[in-house]
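What follows is a single structure, written as structure tokens, with notes after it.
Derivation of every value follows stated rules applied to the coordinates shown; laboratory data play no part. Since this is a predicted model, take the numbers as computed values, not measurements. So basically every Cβ, Gly included, is an ideal-geometry build from the backbone, and we count neighbours across all protein chains shown.
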């Protein structure tokens, strides 16, 4: 938010950039800002944030106080996020309304200086490498910047950077219409001079958030504590101090064409010369090292997400959920600073003593016999209802499951939770069991008969759910145990005793 | 001595900078195309003369250029794009004499010599007096000074017209051409009030200019339509099911706007400068309190099971008609939808694209997925009832975690694949057969509850 105000350099550009409008008012930064962060709509299953490439976005709403003169003026907004989607900008609160909104992407660069000075007087400055004597000469730029720069001096025509001498161009003034970075401005026509509060809101890329769940199973193995972090990340070079902060869960529709990348490539300055082959080795002679581009380039932006700064806020500080249409909005209860290139975590969900059921699951085909036994997947199942100490919307995210053993927490499973509404089942993956296994065999006497065996090497009884796929041509007949139906598949829900086994016999309907 | 001619050259140099344009009007079409009309005052001698036109779009389509003026006949038009570069300059100097300036690396003293360029193939071969040398063969600094640049090399692609004028004098000449690089679309901001069932919509015209040229103080007219393209020929593969977003019923009303044949015209009220690499937005629509409602839709692509419930689409429905709608024809663009949160601040809830929509159209835009309203289709049973006849029983479970009752428009698609002999044998709620391939139920789901719907289909596959 560049709190120090404008440097004279930027102010000069601002004035030069708008020859048509009488007055330019620069708003250097907001007084109050609200940031609502939305997730990457394509990262549906949760997933982790890639801090170098944050594909979510944010709605930034800023309040700024500006003093506008009577008549037409141009109001330039500085300190906006660099990922701004310019076409989404909304400006309200101007007494004269908005005549037009502009976003200018012509940036001041070495190439833009040459381009804008084409046909104008500049000065060529050569430094004698031995004596250090500086010779200046007026020149006119005759060609550039794409294929090299050609200058006309009183001696004739010369190419810049081809002689091997240190030489550079010096400009008297900046070409009009160049700014130090893409700038959003609005033109307004005020009936009278006034100091007003203006609200600017826009969508910006380069933000994202995720929910990360930690489930801890209680020592008795019957309940778990569910905790979730709301992890916010800002990949913009702009910080948002003391921001009202929200995060929105759910999937929003976005269109690909957001206008953010309409600028096209920036012009490049390439000091190309004529062929420079020599009679010596090519490697040595092919090095007409071009001198550095004449003007000092604008300061490079801070490298993206260099060494992200992780801030963990105390967990007693929890996001408050409210409804936003068909989405869920989480409000951070106090204003926080969303620093540039950083991530921040606050508590999203804290639930304790959630009763759950431990299940072993497998999905098999009814037809294929495979004598080799296979491990089963472990699942903790509960229901997202108040009666089970839950009953809150659970945004999708990764789940890490811990159990206690040997007086420490041990990670026993990692899975994903989809967006789970109140009343839905919650299933947390808890790893794979090699102790509880399933095998499907062909007992031999009747080629149509199958035997499914569950074995349990644990010293405690387990519940296993086996989903059996059948082909409509060959349904299962005469199962030895009563089967249920789930998701259109046959379900064998079997209790297996400690260090014991359970079996299911059935026949397949003959072919044809 | 040569300094004077250089200064005399300065006017043409100034003309290369902004300012050569005259009275500019720009007509901009949607599909990245604009017609530029530029009326310039040019001084013409009597008889034949060659006129250069700097400051035209750098992306100009030269074949579309025309020039009109009083007592002017066009002899020929040229578009020269042989660009001046150090490489070209040296190539064109073959056989000519250049000045080389050597700087002694020890003393810093300069020596000047005349040299003839013999060849520029890989390296530059020079003849200096009786010696033959390769330029900068020793790597030491050597400046090369050329006397002139070839006439046909230019700093920028340049349009020139040779005209025959009946009389001498300054007069207006209208230059017109087409150029890509400028386009426009609409951007809409819609603030939806769900309780009141209303939306406030502001429409903005968004211009983008990537031509490399600034059009100063231009009279600007936007045309909603694409004069270039006939619709794409029908693809042979079946089109994917329509995604919620766009026109449900095309309108039949005419908007009170200027038009040209079938295209609506949107003139900007005042002249504006369209700067290079600029995105400009100008308001064209501001409507408060148009009727709007939210709906839920879910489409099952074919007779298949979803193992997990999936969110229904949240769809915003409104009309562009004069009665209770936005009351205007809507140019194609993006609609961004906002809703107020508990504190009254507008929050973004999704966006979608709309096509050019005639006034009176019914529009339905998917804004996102409903967190709390979900559907889960399951194939309960599938059996063969004939040689090419199958019976499939579907069960749809619709859940609603919101406190209020909702209605979900559930569509089962993929019922036949062009055979038109699919029959709905039974269903627990009467459906509307939209087409032979799809059927639609309006399923009421109670607040914090669920509804189960079953249907049995007889299909060829």
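Our note on the geometry: Cα centres of the range A:95-132 and the range B:38-79, 30 Å apart. For chain B, the longest principal axis of the Cα atoms and the long axis of helix B:3-16 meet at an angle of about 20 degrees. Averaged over peptide B:358-365, the number of partner chain Cβ atoms lying within 10 Å of each residue's Cβ comes to 0.
Pair-distance distribution P(r) for the range B:112-213, from all Cα-Cα distances in 10 Å bins starting at 0: 9, 18, 14, 14, 17, 12, 7, 5, 2, 0 percent.
Panel order for B:201, B:443, by other beta carbons found within 10 Å of each beta carbon, from fewest to most: B:443, B:201.
Here the convex hull built on the C-alpha positions of the range A:350-451 has a volume of 138 cubic angstrom per residue.
Kirkwood's formula applied to the C-alpha pairs of chain B gives a hydrodynamic radius of 28.7 angstrom. For the segment A:243-255, counting C-beta atoms of other chains within 10 Å of every residue's C-beta and taking the mean gives 6. The relative contact order of the range B:95-145 comes to 36 percent, based on Cα pairs under 8 Å that sit 6 or more residues apart. Counting Cβ atoms of other protein chains within 10 Å of each Cβ in A:453-459 and taking the mean gives 0. Only helices enter this figure: runs of n ≥ 4 DSSP H residues, each worth -39500 (n - 2.57), summed and divided by the residues of chain B, yield -1500 deg cm²/dmol at 222 nm to the nearest 500. As a proxy for reagent exposure, ranking A:146, A:442, A:484, A:40 by other Cβ atoms within 10 Å from fewest up yields A:484, A:442, A:146, A:40.
The peptide list B:262-268, B:50-56, put in order of mean Cβ contacts within 10 Å with the highest first, becomes B:50-56, B:262-268.
Ranking of B:410, B:191 by neighbouring Cβ atoms within 10 Å, starting from the fewest: B:191, B:410.
The radius of gyration of the Cα set in the protein assembly as shown, together with its Dmax, comes out at 36.3, 114 angstrom.
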